[in-house]
Amino acid sequence: MRNPYRTQKIAFFFLLIATLLIVIPVGIIVLIIIEKGLPAISWEFLSDIPRKGMRAGGIFPAIVGTIYLVSGAIVFALPIGVLAAIYLSEYAKDNLLTRLIKLAIVNLAGVPSVVYGLFGLALFVVFFKFGASILSGSLTLGIMILPIIITTSREALESVPYSFREASLSLGVSKWQTIRHIVLPNAIPGILTGTILGLGRAAGETAPILFTVAAFYLPQLPSSIFDQAMALPYHLYVISTQVPNVDEKTRYGTAFVLLAIVLVMNLIAIIIRYQFRKKKKW
Amino acid sequence: MVTFGIKNLDIWFGAAQALKQVNISIESNEILSIIGPSNSGKTTFLRMLNRLNDLSSNCKMAGEVRFGQEDLIKIDVELLRKRVGMVFALPLPLPLSIFDNVAFGVRMHGERDRKILENRVEEALKQSYLWEEVKDRLDVSAFKLSGGQQQRLCIARTLAVEPEVILFDEPCSGLDPISTAKVEEAMLKLKKKYTIVLVTNNVKQAARVGDRTAFFLSGELIELDKTDKIFTAPQDKRTDDYITGAFG
């Protein structure tokens, strides 16, 4: 005899296990980083340059470098990504070419980041002669997160009910006005979700910045976008594998700061998203 | 005066023909009811009048359609839709406040003056018999209204851009009898100023409000006559079968 009540219990059990399998390891990672990294955090650690071959001092240049790089990537990728998504979902005719382009963009999101690093090296550093610089690194990171932003923005735009468009068009309102005043405002929360995902990825990747911007050691802050800069993920890699005898505390402290920066940036996006959701009238 | 003159109209969606050789002229300030079973082409006919069919990329059209003296397909489509408004089967409020819903079209057509907007909104809501129910809460979301109120809001939104023709696509299909009566009352008042084309699945509604009634079947116009004539002495047996319910 099948017992639907028992079946439900079993299904519920497996769903719970799957969720725990995700939540617990992530929780443990965060806890370890906080436990081991927090003791390293001091005003000096956050505001000083690295000293004694990066074994002492702080990580200020790397923090600044990461903030520059992520901001640069977003400034570059968000407008282009949203405009491309609007074109693809609202204007492009639904034919084989458009579908191929959409498929290609989705797949680009899965390309390994080191490939973007090499691409950035060839295009921005060598071809455009930007050299290893914040500009090259930001553009490379921007290109890396473009597919994420385009795909999520497209989904956000397409989730706005078609009937809204029809109602607006039936009043003699132009297509662009309809997109600008009806579709886009209702897609912004979804677009911001894509931005959050892109932000996290841009802040954490090492490979794309390896050849395009990251400096092994720079005792001063970059003075223009054509300067090299230190960045937290690369710095973490360096002090974990390239420099002997670095305190565990320093390494976990760096990881902790990287995590905190991503979290704060996400928090800003989440607050903006919340403000828009509150205004949503349906 | 003739508002729409339609000659030998054919419409296809891909390979399927939705309308076959339709000839109708729609007079100014009349309510023309269109009845017929599902898939008879009546909604396609309606959406042709403000070219909403253009939104389907596989839609093709042949024949001659005149709006007043002008050729329908040569009129700027945004201007046409401003002059030929539409109310849909389901209430489709925009995700805005009540006020902003009604003001939306007017604003988009360039009106910025707050006083003028307020007057237009009030007038439109009065014409659709909604003003008394919403005048104290114009800034709440349109989605807070009941279905019948939402539909009258949509009528007000269409009226606010001051069209010449209003197309109703089964406007009462989701409404209770009392809301339906209110919408019908609004329509009867509106025909003094506007030309109305009403597609309805409700034969009795066509009998109540239509000056003339057209019967569509499988993409063809079977019969078109004064409403009381259609309902008392139809010329075609299929019309008779449909209105008496003997059909299918």
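The values are calculated or read from the model by the stated rules, or taken from the named source; none is laboratory data. Given the structure is predicted, the values throughout are model-derived calculations rather than measurements. Here the Cβ is made from the backbone with ideal geometry for all residues, glycine too, and neighbour counts use every protein chain on show. Quick note on the areas: whole protein, heavy atoms, side chains included, nothing else; ligands and nucleic acids left out. Shrake-Rupley method; radii C 1.70, N 1.55, O 1.52, S 1.80 Å.
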Task: Estimated 222 nm signal from helices in chain A, with DSSP H stretches of n ≥ 4 weighted -39500 (n - 2.57), rounded to 500 - done: -22000 deg cm²/dmol
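Using only the Cα atoms of chain B, what semi-axes does the equivalent ellipsoid have when each is the square root of 5 times a gyration tensor eigenvalue? Give whole Å, largest first. Numbers along the way, then the final one.
Details: eigenvalues 187, 91, 49 Å².
Semi-axes (√(5λ), whole Å): 31, 21, 16.
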Task: Per residue, in Å², the accessible surface of the range A:59-279 once ligands and nucleic acids are set aside, probe 1.4 Å - done: 45 Å²
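Peptide B:100-111: average number of partner chain Cβ atoms within 10 Å per residue? Walk me through the intermediate numbers first.
On the way: counts 2, 2, 0, 0, 7, 7, 1, 3, 10, 5, 0, 0.
If you average over the peptide's residues, the count of other-chain Cβ atoms is 3.
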Open item on the list: What's the magnitude of the charge dipole for the range B:150-198 around its Cα centre, counting Lys and Arg as +1 and Asp and Glu as -1 at the beta-carbon? Answer in Debye, nearest 20.
Closed with: 240 debye
Task: Spin-label pair residue A:277/residue B:202, simplified geometry with 7 Å Cα→Cβ offset, distance in nm - done: 3.9 nm
Open item on the list: If I model a spin label at residue A:31 and residue B:27 as a point 7 Å from the Cα along the Cα→Cβ vector, what separation in nanometres do I get?
Closed with: 8.3 nm
TODO: Could you run the Debye sum over the Cα atoms of the range A:59-279, one equal point scatterer each and no solvent, and tell me log10 of I(q)/I(0) at q = 0.07, 0.11 Å⁻¹, two decimals?
DONE: -0.26, -0.60
- [ ] Hey, can you find the accessible area per residue of chain B for me, probe 1.4 Å, expressed in square angstrom?
- [x] 44 Å²
TODO: Quote the charge dipole size of the protein assembly as shown about the Cα centre in Debye, to the nearest 20; the model charges only the Cβ of Lys and Arg (+1) and of Asp and Glu (-1).
DONE: 780 debye
Open item on the list: Largest first and in whole Å, what are the equivalent-ellipsoid semi-axes of the protein assembly as shown based on the Cα gyration tensor, each being the root of 5 times an eigenvalue?
Closed with: 62, 25, 23
Open item on the list: Please compute the average number of Cβ atoms from other chains found within 10 Å of each residue's Cβ in peptide A:159-170.
Closed with: 6
Task: Label-point gap, in nm, between residue A:126 and residue B:181 - each point 7 angstrom along Cα→Cβ - done: 8.2 nm
Task: the protein assembly as shown, accessible surface, carbon-and-sulfur percent (1.4 angstrom probe) - done: 62 percent
- [ ] Could you tell me which of A:202, A:42, A:254 has its Cα farthest along the dipole of chain A towards the positive end, charges placed at Cβ (Lys, Arg +1; Asp, Glu -1), taken about the Cα centre?
- [x] A:202
TODO: Counting helices only, and only those DSSP H runs with n ≥ 4, report the 222 nm mean residue ellipticity of chain B as the sum of -39,500 (n - 2.57) divided by its residues, in deg cm²/dmol to the nearest 500.
DONE: -10500 deg cm²/dmol
TODO: Looking at the protein assembly as shown, send over the antiparallel percent of its DSSP beta bridges, to the nearest 5.
DONE: 60 percent
Open item on the list: Once you order the gyration tensor axes a ≥ b ≥ c over the Cα atoms, which shape class does the range B:1-82 get: rounded for a/c under 1.5, otherwise prolate or oblate by comparing a/b with b/c?
Closed with: oblate
- [ ] Give, rounded to the nearest 20 debye, the magnitude of the charge dipole that the range B:56-106 has about its Cα centre when Lys and Arg contribute +1 at Cβ and Asp and Glu contribute -1 at Cβ.
- [x] 100 debye
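Among residues other than residue A:64 whose Cβ falls under 13 Å from its Cβ, what is the net charge (Lys/Arg +1, Asp/Glu -1)?
Neighbourhood net charge equals -2.
If you add up the charges near residue A:40, with Lys and Arg at +1 and Asp and Glu at -1, over every other residue whose beta carbon is less than 13 angstrom from its beta carbon, what do you get?
Details: positive: A:36, A:55, A:249, A:251; negative: A:35, A:44, A:48, A:247, A:248.
Value of the local net charge: -1.
Applying 1/(1 + (r/R0)^6) with R0 = 41 Å to the Cβ-Cβ distance of residue A:13 and residue A:175, what FRET efficiency is obtained, to the nearest 0.05?
The value I calculate is 0.20.
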- [ ] Grab chain A and count how many Lys pairs have their alpha-carbon atoms under 16 Å apart, sequence gap of 8 or more, or different chains.
- [x] 4
Open item on the list: Taking 22 Å as R0, compute the FRET efficiency from the Cβ-Cβ separation of residue A:93 and residue B:74 and round it to 0.05.
Closed with: 0.45
- [ ] Towards the positive end of the charge dipole of the protein assembly as shown, with charges on Cβ (+1 Lys, Arg; -1 Asp, Glu), say which of B:181, A:220, B:160 has the farthest Cα.
- [x] A:220
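Hey, can you list the DSSP H helices of chain A whose Cα span along the axis is 24 Å or longer and whose average Kyte-Doolittle score is at least -0.5? Walk me through the numbers on the way to the answer.
Numbers: long enough: A:4-37 (49 Å, 1.71); A:60-86 (39 Å, 2.15); A:134-158 (34 Å, 1.25); A:184-204 (30 Å, 0.93); A:248-279 (47 Å, 0.72).
What comes out of the filter, once short or polar helices are dropped, is A:4-37, A:60-86, A:134-158, A:184-204, A:248-279.
Using a 10 Å cut-off around each Cβ of peptide B:49-59, what is the average number of partner chain Cβ atoms that fall inside? It would help to have the intermediate numbers written out before the result.
Numbers: counts 0, 4, 2, 3, 0, 1, 6, 0, 3, 0, 0.
Per residue, the number of nearby Cβ atoms from other chains is 2 on average.
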Task: Accessible surface of residue A:32 - all protein chains present, 1.4 Å probe, nearest 10 Å² - done: 70 Å²
Open item on the list: What lysines does residue B:189 reach when the alpha-carbon gap must be under 22 Å and sequence neighbours fewer than 8 apart in one chain are set aside?
Closed with: B:82, B:126, B:135, B:204, B:226
Open item on the list: List the trypsin sites (Lys or Arg not before Pro) within the range A:89-177 that DSSP assigns to loop and that have no more than 11 neighbouring Cβ atoms inside 10 Å.
Closed with: A:93, A:129
- [ ] Can you pull out the buried accessible area for chains B and A, both sides counted, probe 1.4 Å, rounded to the nearest 100 Å²?
- [x] 1900 Å²
